[in-house]
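One structure below.
The values are calculated or read from the model by the stated rules, or taken from the named source; none is laboratory data. A quick note: this is a predicted structure, and the numbers were derived from the prediction, not measured. Cβ sites come from the backbone with ideal geometry, for glycine too, and all protein chains shown count toward neighbours.
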Amino acid sequence: MAPAVRSILDAARERPGGDSRVAVDDARSLPAAFAAAEADGRTPVVAEVKPTSPTTEGETDRDPVELAEEMVAGGAAALSVLTEPEHFGGSVENYERVREAVDVPVLRKDFLVTEAQLDAVAADVVLLIARFLGDELAPMVEAARERGMQVLVEVHSEDELERAVDAGAEIIGVNNRDLAALEVDLGTFERVAPAVPEDATLLAESGISTPADARRMREAGADGLLIGTAIMDGDPRENTTRFVNA
């Protein structure tokens, strides 16, 4: 892994979890939100509220709720909110405020490595990264579902995809960013997507910078697109609409 990624993982291992077990009885369905967007003629986009990132320059001090509301107004089917504090400037408080303010599913984007960390906030959907979790992936998927959460399992290769499927993943994201060199290759999604089970909800993540990239990922089989920097840079509402109409 790249040093920046190793630093993120090391910090994640030290981060405590919640004080008590959470239960989510009103999780908003990500697959249903994608279906609704499709029925409305929109490309299903998960727009990411990202204060900063080790892979991009600069940061924003805009209120996360304002950003989220603009993205939803621009047509986002769902949102992703960073809760990782050390490297991305996120927080569970930001997540809670955004989820309260919008009516679409909200993904908790973080680097979760222990079951207790699931209890930091009640989430519609949580991200679990296959490479970070190894043999703990299946227990973490089960633990999240026991709490009423949906799970987006992120993979980078066919080997990781196989482990995700074995763990019971129903929502799968293929990340185009290589964790070793932090380089982006949209061909990653195109190579891995054909092996994804047809009944899974499939997302393309990272490196989607233009509407042409969005169309390319959709043609390769993406049910939805997770887009961060390209929406955050500039006007979030206008940028979201560009991708929604791709």
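Return only the number of the condition from (1) of a type in the set (D, E, K, R); (2) surrounded by fewer than 21 Cβ atoms within 10 Å (Cβ to Cβ); (3) modelled with pLDDT of 95 or more that E59 does not satisfy.
So E59 meets the others, but not (3).
If you go through segment 160-173 one residue at a time, how many are under 23 Å from R13 (Cβ atoms), surrounded by fewer than 23 Cβ atoms within 10 Å (Cβ to Cβ) and not basic (K, R)?
Of the residues in that region, 2 qualify.
Please list, ordered by residue number, the helices (runs of 4 or more DSSP H) wholly in segment 63-128 having 3 or more residues that are in contact (Cβ under 8 Å) with a residue 12 or more places away in the chain and within 26 Å of E146 (Cα to Cα).
Result: 92-101.
I need a count of the residues in segment 68-98 that are under 19 Å from I231 (Cα atoms) and among the basic types (K, R).
Here the count works out to 0.
Which one of these is free of Cβ contacts under 8 Å to residues at least 12 places away in the same chain, within 25 Å of R6 (Cβ to Cβ) and of a type in the set (D, E, K, R): D178, D159?
D159
Which residues, taken from segment 132-150, are touching a residue at least 60 places away in the same chain (Cβ under 8 Å) and either crowded, with 22+ Cβ neighbours inside 10 Å or under 16 Å from the mean Cα position of the chain (by Cα) (or both)?
F132, M149, Q150
Quick check on my filter: what residues within segment 1-39 are polar (S, T, N, Q), surrounded by fewer than 15 Cβ atoms within 10 Å (Cβ to Cβ) and either more than 16 Å from D110 (Cβ to Cβ) or touching a helix residue (DSSP H, G or I) at 6+ places or on another chain (Cβ under 6 Å) (or both)?
Within segment 1-39, S20 is the sole residue that qualifies.
Among the candidates S91, S80, S157, single out the residue that is more than 14 Å from the chain's Cα centre (by Cα), among the hydroxyl-bearing types (S, T, Y) and surrounded by 18 or more Cβ atoms within 10 Å (Cβ to Cβ).
S91
Among V5, V49, which is the only one that is under 30 Å from D199 (Cα atoms), within 18 Å of the chain's Cα centre (by Cα) and modelled with pLDDT under 95?
Checking each option against the conditions leaves just V49.
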